[in-house]
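Here is the structure we will look at.
The values are calculated or read from the model by the stated rules, or taken from the named source; none is laboratory data. This is a predicted model, so every value here is computed, not measured. When we count neighbours, we look across all protein chains shown, and the Cβ atoms used for this are built from the backbone with ideal geometry, even at glycine.
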Amino acid sequence: MFIFVQILLIMPISKKTKAVLVLVLLFEMISGSIRSNPGDTTWVTIWNQRKLTYYGNYDTTASLPTGLRYRKIRMHYILGRYACPAGSQYCGSWDYTTQIYAKPPGTDTVEIARIITPYATDWLTTNRKHDYVVDVTDYSPVLDGNLGFMFRYEGYSFGFTITLKLELIEGVPPMDAQKVKNIYDGYYAFGKTADPIENHLSVQTMSYASPGSVAMIKNSISGHGSDDTQCSEFCSKYYQLKLNSSQIAQHQIWRNDCGSNDVYPQTGTWLYERANWCPGAVVWPIYHDITSLTTANNSFSVDIDMEPYTAPNQANAQGGYNFISQLVSYSAPNHSVDVSIEDIVSPTQNENFYRSNPACHNPVIRIKNVGTNSITTVVFSYGLKNQAPLTHTWTGSLAYLQQTDVVFPPSLSIYTNNVSSDFQIAITSVNGNGPDQNNFNDTYISKTSPPIVTYPKDFVIFFAANNATNTVTQNNETSYKLEDENGNIIMTRNNVPNLTSYSDTVHLQPGCYKLTATDSGCDGFSWWAYQYYTPNPGTGALRFNYTTFNTSFYTMNGDFGCSQVKYFRVANTTSTSVNESVIANNFVEVFPNPATDQAFMRFDLKSSQDINYKIIDLTGKIIFRKHLSNVLAVYETIDLHKIASGSYVVCVELKDGTSLNRKLIIQK
């Protein structure tokens, strides 16, 4: 199309001929004959910062391109906060169920995604939002032309905003979705004798038509509400899937990784395990492949049975399951050899991989086999933009539609860059035979974070265990380990007795290091809800202290759920440790402490120099950074109006690579 337009501009043609050509061009555009190239992306906005001001359904319409083929369709669900009017009774912004439905004319209204909102009562003060990304390529037959959309909000308090965008990426998918049909769609009470859930999960007769050759049953199920035994939200139950009266699968409706959520930190009871959902997380669907058990144009029966259960107190049987079950039919697979780069886990600024970033060594890439042949080797080219690319070969065994995370070797050039950069990766060879059959999913780019904090080479790891007992080992739930960039363990403490403390001195070489704290109870070592525990396990601690005096320069936030990772570097300089000599010759003071709307830094340095300083919260997130030129003996004013109350570290980086860290408490 672009070449055709250029010809119109440069050819010496008459006005009449030009008019005819323009009409032809307009006709082609209107008729849809002119298409973008494979890999091109169209964005369609469904809602833009729509305030959620009532519970129930929010309806709208949208116009999507017609007749296009998409390699992938990704839904961006961007959740934000707004300030409720003064005196609003319900503005809690807690964990509520939201469902997004597509409403194509003349066929089933179908749920395309389900997301649980987080405990976000602190989002206004911290200026947070989150972009959830969900693959909705299954619904490509539906997401076409003019259709309705419905956003269902089942919360009773408000304060959220929703922006919903579709990212439509043209190209060839692993297999083309043909049709989506509902099997079950509703919220059904669980454990009620007067209204058993099986009354709603009755036998359904289903079929799919040619050219469908692959068929999946796709279940999105989440348990909500509680009775006297905390069912359904906090009890683990299974369902059995039957095809033509024969059981083909059994699946537990439970999620045990809420304490590892990347939407972190949260307020509230975010880390409790729940019935297939977590606060602030996508409810991921469960797939059952029924291709070998069915054939196109022939009917079959589908039946789902829940684990038998009767609520002990029928008057208080308040639990139930939000049940969406769909039959999705597809064409035959389009490629035999095709590897797709699905995501860059690290390095990236993508908030959906918050716990894995910022890192300072091994890149991590998520790949998926979308060709029918098993994948045994993949060769990658990778590195920062405008740098010489590196090469890595992955070996293993990856079956059709399976995915895996590939951990790359340590890379100093990637993680010592001084500014945010573009990290690029490409697949160059698959199974030793050169490129695969589809090069439109073989490349990916992410934005890296600026370099992470640099610490001294000699310091003390102070670790104090609380009174939470691991019921298996009978020791404390919390442990930690410090690893270098090659995975060698430098220091570790595990299976320690309750209420004990340790001061472990480490002497590190220049390089990248990873501190991992793990809690087997998935409730960290310090959590607000401990006050309701019997007995109260109290508060543990994990921090880095200077070797020559009992002052901390890093303190881990104990409300981390299952685990927390802290990356840091030790610089290759002549003086990488912060010792008494450095303190004496380079004076930095932060006051007042606590501060409210502003703080001051006093510098009295050994020599005039350019410095950088940054304010870091207790999770290691950089809140603010600034460069100062020709600093010797001056005062610096820090504006704190946009920084929330809490404890922070002010990290001052001197010209020689030394980091001077000062604690700053903000109280408003």
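I'm trying to understand the selection: among the residues of region 603-632, which are acidic (Asp, Glu) and more than 38 Å from the chain's Cα centre (by Cα)? Don't jump to the end; show me each part of the working.
First, the residues of region 603-632 that are acidic (Asp, Glu): 604, 610, 617.
604, the sole residue that qualifies.
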Can you tell me which residue is nearest to residue 272 (Cα to Cα) among those in region 530-555 that are in contact with a Leu (Cβ under 9 Å, 6 or more places away or on another chain) and either in the same structural domain as residue 414 (by TED's automatic domain parsing) or among the hydrophobic types (A, V, I, L, M, F, W, C) (or both)? 542
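Could you say whether any residue in region 280-288 is buried (at least 16 other Cβ atoms within 10 Å of the Cβ) and of a type in the set (Phe, Trp, Tyr)?
Filtering region 280-288 for residues buried (at least 16 other Cβ atoms within 10 Å of the Cβ) gives 280-283, 285-286, 288.
Those still in the list that are of a type in the set (Phe, Trp, Tyr) too: none.
So far as region 280-288 goes, no, none of its residues is buried (at least 16 other Cβ atoms within 10 Å of the Cβ) and of a type in the set (Phe, Trp, Tyr).
Can you find, within region 334-377, the residue that is modelled with the lowest pLDDT among those that are among the aliphatic types (A, V, I, L, M) and under 26 Å from residue 449 (Cβ atoms)?
Just the residues of region 334-377 that are among the aliphatic types (A, V, I, L, M), to begin with: 337, 339, 341, 344-345, 359, 364-365, 367, 370, 375.
With the extra rule that they be under 26 Å from residue 449 (Cβ atoms), the set shrinks to 341, 344-345, 359, 364-365, 367.
Values: 341: 97, 344: 97, 345: 97, 359: 87, 364: 96, 365: 98, 367: 98.
Across region 334-377, the extreme among qualifying residues is 359.
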Specify which of the listed residues (633, 644, 595, 599) is loosely packed, with under 12 Cβ neighbours inside 10 Å and in the same structural domain as residue 666 (by TED's automatic domain parsing). 633
Do you know which residues across region 228-249 are in contact (Cβ under 8 Å) with a residue 12 or more places away in the chain and either part of a strand (DSSP E or B) or touching a Cys at 6+ places or on another chain (Cβ under 9 Å) (or both)? 229, 232, 237, 238, 239, 240, 241, 242, 243, 248, 249
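Check region 188-211 and report whether any residue there is under 25 Å from the mean Cα position of the chain (by Cα) and outside any strand (DSSP E or B).
Filtering region 188-211 down to residues under 25 Å from the mean Cα position of the chain (by Cα) leaves none.
The answer is no; no qualifying residue exists.
Let's see how each residue does on (1) surrounded by fewer than 17 Cβ atoms within 10 Å (Cβ to Cβ); (2) closer than 30 Å to residue 341 by Cβ; (3) out of contact with any His (no Cβ under 8 Å at 6 or more places or on another chain):
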position	(1), (2), (3)
449	no, yes, yes
453	no, yes, yes
457	no, no, no
460	no, no, yes
473	yes, no, yes
485	no, yes, no
492	yes, no, yes
499	yes, no, yes
502	yes, no, yes
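Can you confirm whether region 117-127 contains a residue that is farther than 14 Å from residue 46 by Cβ and in contact with a helix residue (DSSP H, G or I) (Cβ under 8 Å, 6 or more places away or on another chain)? So that I can check it myself, show each step before the final result.
The first filter runs over region 117-127 and keeps only residues farther than 14 Å from residue 46 by Cβ, leaving 117-127.
Those still in the list that are in contact with a helix residue (DSSP H, G or I) (Cβ under 8 Å, 6 or more places away or on another chain) too: none.
The answer is no; no qualifying residue exists.
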Is it fair to say residue 406 is outside the structural domain of residue 204 (by TED's automatic domain parsing) and within 24 Å of the chain's Cα centre (by Cα)? yes
Any idea which of (1) in the same structural domain as residue 133 (by TED's automatic domain parsing); (2) modelled with pLDDT of 95 or more is the one residue 154 doesn't satisfy? (2)
Given the conditions (1) part of a strand (DSSP E or B); (2) without any contact (Cβ under 8 Å) to a residue 24 or more places away in the chain; (3) among the hydroxyl-bearing types (Ser, Thr, Tyr), and given that residue 534 satisfies all but one, which numbered condition is not satisfied? (1)
Would you mind stating whether residue 210 is surrounded by fewer than 20 Cβ atoms within 10 Å (Cβ to Cβ), small (Gly, Ala, Ser) and over 26 Å from residue 332 (Cα atoms)? no
Long-range neighbours under 7 Å by Cβ, at least six apart or interchain, first residue assigned by TED's automatic domain parsing to the domain that holds residue 303 within region 250-276, second of a type in the set (Val, Ile, Thr): 251/286; 253/221; 265/619; 267/121; 275/253; 276/221; 276/253; 276/283
Going through region 507-534 one residue at a time, which ones are crowded, with 21+ Cβ neighbours inside 10 Å and among the small types (Gly, Ala, Ser)? 517, 524
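Can you confirm whether residue 397 is out of contact with any Pro (no Cβ under 7 Å at 6 or more places or on another chain), loosely packed, with under 13 Cβ neighbours inside 10 Å, touching a residue at least 24 places away in the same chain (Cβ under 8 Å) and over 22 Å from residue 354 (Cβ atoms)?
Details: out of contact with any Pro (no Cβ under 7 Å at 6 or more places or on another chain): yes; loosely packed, with under 13 Cβ neighbours inside 10 Å: yes; touching a residue at least 24 places away in the same chain (Cβ under 8 Å): no; over 22 Å from residue 354 (Cβ atoms): yes.
Spelling it out, it is not the case that residue 397 is out of contact with any Pro (no Cβ under 7 Å at 6 or more places or on another chain), loosely packed, with under 13 Cβ neighbours inside 10 Å, touching a residue at least 24 places away in the same chain (Cβ under 8 Å) and over 22 Å from residue 354 (Cβ atoms).
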Among the residues of region 486-505, is any closer than 30 Å to residue 362 by Cα, free of Cβ contacts under 8 Å to residues at least 12 places away in the same chain and touching a strand residue (DSSP E or B) at 6+ places or on another chain (Cβ under 9 Å)? yes
Residues (under 31 Å from the mean Cα position of the chain (by Cα), among the aliphatic types (A, V, I, L, M) and at pLDDT 95 or above) located in region 268-303: 275, 281, 282, 283, 286, 290
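Quick one: how many residues across region 52-75 are of a type outside the set (Asp, Glu) and closer than 30 Å to residue 94 by Cα? Give the steps one after another, and end with the answer.
Pass one, region 52-75, residues of a type outside the set (Asp, Glu): 52-58, 60-75.
Filter once more, so that each one left must be closer than 30 Å to residue 94 by Cα: 52-58, 60-62, 73-75.
Number of matching residues: 13.
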Where residue 429 falls short, out of the listed (1) without any contact (Cβ under 8 Å) to a residue 12 or more places away in the chain; (2) under 19 Å from residue 340 (Cα atoms): (1)
